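Read the figures in this text as sums done on the coordinates, not as results from a lab. Note that the structure is predicted; figures quoted are calculated from it, not measured. All Cβ positions, even for glycine, are placed from backbone atoms using ideal geometry, and neighbour counts span all protein chains on display.
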Amino acid sequence: MLRSQLAGVLMVLVGLAVLILLAGFILSVLVNLLELLAVVLGVVLVLGGIAMVLFGRRIWRRAPRGWTEPKGM
């Protein structure tokens, strides 16, 4: 039992050492992913804004099929 515990502790220490050595690379990957997410979000917002400018009135005036206004409001 002692040998497996020692192997486990050794694996944890080696894993932490690898993560510490690769911390700069891991952070750069995360930053790149966040930048990519920001670009995608910006493109979606721009396209959504263009769609609202071009088709906004038609979209908001159209009622869904089978929809009736509530009485008494």
message: Along the Cα→Cβ direction, 7 angstrom out, place labels at Glu35 and Leu6. What is the inter-label distance in nm?
response: 4.7 nm
task: Mind giving me the nanometre distance, one decimal, between the label points for Phe25 and Phe55, set 7 Å out from Cα along Cα→Cβ?
output: 4.5 nm
- prompt: Spin-label point model (7 Å from Cα, Cβ direction): what's the Ala17 to Val43 distance in nm?
  reply: 4.3 nm
